[in-house]
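Chemist: Below are the structure tokens for one structure; questions will follow.
The values are calculated or read from the model by the stated rules, or taken from the named source; none is laboratory data. Every value quoted in this text rests on a predicted model; they were computed, and no experiment measured them. So basically every Cβ, Gly included, is an ideal-geometry build from the backbone, and we count neighbours across all protein chains shown.
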Amino acid sequence: MKHHRHDLLLVGLLISLPATGLCGDSTPLTWDPYFQSSVTKFTRTNQWRIENLTNVSRVDASRLRGLEIHDRPLAEWSHPDATLSRNIVYLYIRTHSANLDETFFDAILHYRALEHLSVSCSSATNISASIGRLAQLGKLRSLALYASKAGEIPREIYDVKGLEELTLSVGNANLPAGISKLRQLSRFTLRANSGEGGVRTPSDLQNSSVEYLHLMRVGSLDRRLPELPSKTRLLKAWRCGLEGIPNGWCKQRTVEALDLSDNSLNSFPLCLLENPALKILSLDWNKITEVPPLPVPASRRVSISIVGNPLKEIAPENEELIKKGILNK
């Protein structure tokens with residue numbers, strides 16, 4: 001049976017794609033190993049998914065593992081039969097009309113085996129404290145919330161203690177403290193939907209267990225996050241208005257990949273290269289005009305990118321790094 005991308009009544013088997021790793025000298029340095037979230041792995045493996053429930057009778061419900069709801073009334077999906085309740089581990093809900101209120105989150109609780117939940121609601125300005133009830137889903141480990149108009153995130157979101165991955169794409173919201181309570185959380189993504197510096201990180205983020213940290217349009221980042229979480233392996237901080245690097249970041253020795261693209265850095269942050277664990281550094285599209293001699297031996301396995309900067313001078317001592325492909329301009 002041939003499936004077309006526009007025909008989503010049955011989403012076919014998605015074949016897993018090999019990722020390029022960072023182990024061994026022969027493999028290229030890429031970002032791939034740092035983006036293998038559990039949701040990515042789910043959608044890349046042989047998992048059956050279905051859109052809405054309009055044709056559920058046409059498939060073997062016992063094989064279904066994912067359900068995608070696109071602008072359907074809550075009553076249509078809020079009471080799944082016993083098979084779906086037992087088997088669905090991935091639930092994606094996109095709605096333009098529903099409020100993220102008590103009724104909405106209670107409906108999700110009927111999917112008892114849920115591990116990955118993604119909610120996109122373009123109209124919701126507030127998110128109910130009832131989101132904390134998701135803690136009743138004992139297997140839930142990944143939560144993504146896309147609410148472009150939301151101005152406040154309730155602290156009850158931290159009641160979902162089993163979360164390993166949390167994605168929040170919101171309006172100009174200030175996140176409450178409490179993320180350090182999520183002791184299993186290893187991936188955290190926070191981004192505002194428009195503007196620069198429109199969202200604020202939780203004040204206790206540096207005390208969290210996060211290893212993979214993605215930030216976009218986060219304001220006052222140098223003040224709100226003077227030190228990175230102690231286990232940080234990846235930091236992506238895009239369009240955060242950074243003009244300098246906090247001293248605490250320079251002292252971090254666990255970071256392997258650092259992407260500070262599209263900020264306002266006007267000088268090369270040499271201190272970051274003092275970290276022997278660093279393998280990838282991207283400073284693309286900043287305001288750097290000069291690159292001084294970099295304290296990087298040509299034998300070091302590291303990739304540095306400064307694409308898109310208004311460069312006027314690169315120290316001749318860096319010529320060997322350019323030839324080796326270590327420094328990319």
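Chemist: Name the residue, out of Ser267, Ser261, that is among the polar types (S, T, N, Q), in contact with a strand residue (DSSP E or B) (Cβ under 7 Å, 6 or more places away or on another chain) and in the same structural domain as Ile306 (by TED's automatic domain parsing). Quick ask: steps written out before the conclusion?
Modeler: Numbers: Ser267 fails: in contact with a strand residue (DSSP E or B) (Cβ under 7 Å, 6 or more places away or on another chain).
After applying the criteria, what remains is Ser261.
Chemist: Consider only pairs whose beta carbons are under 8 Å apart and that are at least six residues apart or on different chains; among these, list those whose first residue lies in the stretch 312-326 and is in the same structural domain as Arg300 (by TED's automatic domain parsing) and whose second residue is in a helix (DSSP H, G or I).
Modeler: Cβ pairs passing all conditions: Ile314/Ile322.
Chemist: Just to verify a result, which residue in the stretch 269-291, among those that are of a type in the set (A, V, I, L, M, F, W, C) and farther than 14 Å from Ile245 by Cβ, is farthest from the chain's Cα centre (by Cα)? Spell out the reasoning first.
Modeler: Initially, the stretch 269-291 is screened for residues of a type in the set (A, V, I, L, M, F, W, C), giving 270-273, 277-278, 280-281, 283, 285, 288, 291.
When the remaining residues are screened for being farther than 14 Å from Ile245 by Cβ, the result is 277, 280, 285, 291.
Values: Ala277: 22, Ile280: 18, Trp285: 21, Val291: 30 Å.
Only one residue fits best here, namely Val291.
Chemist: With the requirement that a residue be touching a helix residue (DSSP H, G or I) at 6+ places or on another chain (Cβ under 9 Å), part of a loop (DSSP other than H, G, I, E, B) and either among the aliphatic types (A, V, I, L, M) or surrounded by fewer than 15 Cβ atoms within 10 Å (Cβ to Cβ) (or both), what does the stretch 113-123 give you? Break it down stepwise before answering.
Modeler: Here is the first cut: in the stretch 113-123, the ones touching a helix residue (DSSP H, G or I) at 6+ places or on another chain (Cβ under 9 Å) are 113-119, 121.
Then drop every residue that is not part of a loop (DSSP other than H, G, I, E, B), which leaves 113-115.
Hits for the stretch 113-123 are Ala113, Leu114.
For every residue, the table says whether it meets (1) surrounded by 16 or more Cβ atoms within 10 Å (Cβ to Cβ); (2) not aromatic (Phe, Trp, Tyr).
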{"site": "Ala75", "(1), (2)": "no, yes"}
{"site": "Ser78", "(1), (2)": "yes, yes"}
{"site": "Thr83", "(1), (2)": "no, yes"}
{"site": "Ile88", "(1), (2)": "yes, yes"}
{"site": "Leu91", "(1), (2)": "yes, yes"}
{"site": "Arg94", "(1), (2)": "yes, yes"}
{"site": "Asp101", "(1), (2)": "no, yes"}
{"site": "Phe105", "(1), (2)": "yes, no"}
{"site": "Tyr111", "(1), (2)": "yes, no"}
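Chemist: Let me ask something additional. Limited to the stretch 155-194, what total is found for residues that are in contact with a Gly (Cβ under 9 Å, 6 or more places away or on another chain) and at pLDDT below 95? Give the derivation first.
Modeler: We begin by selecting, within the stretch 155-194, every residue in contact with a Gly (Cβ under 9 Å, 6 or more places away or on another chain); these are 155-160, 162, 170-174, 182, 184, 192-194.
With the extra rule that they be at pLDDT below 95, the set shrinks to 170-174, 192-194.
Total meeting the criteria: 8.
Chemist: Among the numbered conditions (1) outside the structural domain of Ala315 (by TED's automatic domain parsing); (2) touching a residue at least 24 places away in the same chain (Cβ under 8 Å), tell me where Glu290 comes up short.
Modeler: Unmet condition: (1).
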